[in-house]
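Asker: Next up is a structure, given as structure tokens.
The numbers here are math on the coordinates, done by the rules we state, and not lab data. Quick caveat, the model's predicted, so the values are computed rather than measured. Cβ: placed from backbone, ideal geometry, glycine included. Neighbour counts: every protein chain shown.
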Amino acid sequence: MEQKNGSSFTGFILLGFSDRPQLELVLFVVLLIFYLFTLLGNTTIIALSHLDPHLQTPMYFFLSNLSFLDLCYTTSTVPQLLVHLRGTDKSISFGGCVAQLFISLGLGCTECILLGVMAFDRYAAICRPLHYTVVMHPRLCALMASASWVIGFANSLLQTVLIFLVPLCGRNKIDHFFCEVPPLLKLACVDTTVNESEIFFVSVIILFIPVALITVSYGRIVRAVLRIKSSAGQRKAFGTCGSHITVVSLFYGTAIYAYLQPNNNHSQDQSKFVSLFYTIVTPMVNPIIYTLRNKDVTGAMKKVLCRGHDSR
């Protein structure tokens, strides 16, 4: 006898890549390597931001927040995926699915807002250099970072509740590798047009506000930099923003593709690989982008390594 609603489920089945068993071993090895590099890279950024006094600035405060967020986001999905890739049991409990959706969605929304806050920080540093320490006061930085987390998880709570209020009529096979909004909506046994419209509307708002802040901030940054007469000064100013722009492009590009396209515009396989990109690839490359383009971070890393070598 079929169960009639989601709350009576003992769990869901995450189909993941089970239709491609020959790919599962390859994915396991690749994702394990990527996950280890993600842990190493983001932990290094957080540690350096706390150990080196030169990195205890608003920019690195937000960067360490971003690294911690990426660590949590990847860990909310990848370890379970690795277990499923090497085992026959692809199940996840109902409570586990709710928790995974709430946490991953909350972290994704938080990152969306945090990237907008980081753009404002770059605007203050370049366009208001004499007032930078006054504008970006530590208390204001803590308030903006906290607001990013609170708004992100408040939105996640709302969307998670809306998703699991939809009747599933015994359907429990999720055609994805983790509990995410689009594949969960496909389990519904009723018309979900209204739910999809609500989620689309909220997603647009969550994306629009940070994107508007980023656009305005970088518009003013470009005008300020173009007024700098020295080409070396222009390169230095643009260099401090290059890493952030790259990270923003990677994050928003995949988020818009995943959430703001009609479901019939891309196959479920495409959706899975896009999800792999923003759950594991983007969090892994973020520390690399900031490290390779930033002399302060590489310098701090060398000092810490030399200090560790001298202590021996």
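Asker: Once you have the Cα-Cα distance between Leu140 and Lys303, take 0.36 nm times their residue separation minus that, and quote the gain in nm to one decimal.
Answerer: On the way: separation 163, 0.36 × 163 = 58.68 nm, distance 2.97 nm.
Here the answer is 55.7 nm.
Asker: On average over all directions, what projected area in square nanometres does the range 63-207 have, based on the convex hull of its Cα atoms?
Answerer: It is 10.0 nm².
Asker: log₁₀ I(q)/I(0) of the chain at q = 0.15, 0.16 Å⁻¹, via Debye over equal Cα point scatterers, no solvent, to two decimals?
Answerer: Result of the Debye calculation: -1.22, -1.33.
Asker: Looking only at the range 50-89, which residues have a backbone nitrogen under 20 Å from a spot 7 Å from the Cα of Leu157 in the C-beta direction?
Answerer: Inside the label zone: 73.
Asker: Report Rg(Cα)/(2.2 N^0.38 Å) for the range 140-232, keeping two decimals.
Answerer: Computed over Cα atoms of the range 140-232, the ratio equals 1.62.
Asker: Taking the alpha-carbon set of the range 182-225, what are its Rg and Dmax in Å?
Answerer: Cα radius of gyration and Dmax of the range 182-225 are 17.2, 55 Å respectively.
Asker: List the trypsin sites (Lys or Arg not before Pro) within the range 198-290 that fall in a DSSP loop (any state other than H, G, I, E or B) and whose Cβ has at most 12 other Cβ atoms within 10 Å. All intermediate terms of the calculation are to be shown ahead of the outcome.
Answerer: Details: sites: Arg220, Arg223, Arg227, Lys229, Arg235, Lys236, Lys272; in loops: Arg227, Lys229.
Here the trypsin sites (Lys or Arg not before Pro) that fit, given the DSSP loop and packing criteria, are Arg227, Lys229.
Asker: Continuing with this model, one more query. Once the Cα atoms of helix 282-292 and of the chain are each reduced to a long axis, what angle between those two axes, in degrees from 0 to 90 to the nearest 10, is obtained?
Answerer: With both axes taken from Cα atoms, the answer is about 10 degrees.
Asker: Next question, about the same structure. For the range 135-176, place one equal point scatterer on every Cα, skip the solvent, and apply the Debye formula. What is log10 of I(q)/I(0) at q = 0.15, 0.18, 0.24 Å⁻¹?
Answerer: For the range 135-176, the Cα-only Debye profile gives -0.57, -0.66, -0.84.
Asker: Using a simple spin-label model with points 7 Å from Cα along the Cα→Cβ vector, what separation in nm is obtained for Tyr257 and Gln56?
Answerer: Here the modelled spin labels are 4.1 nm apart.
Asker: Do you know the relative contact order of the chain, to the nearest whole percent, from alpha carbon pairs under 8 angstrom that are 6+ apart? Please report the intermediate quantities before stating the final value.
Answerer: On the way: 355 pairs, mean separation 87.7, N = 312.
The value is 28 percent.
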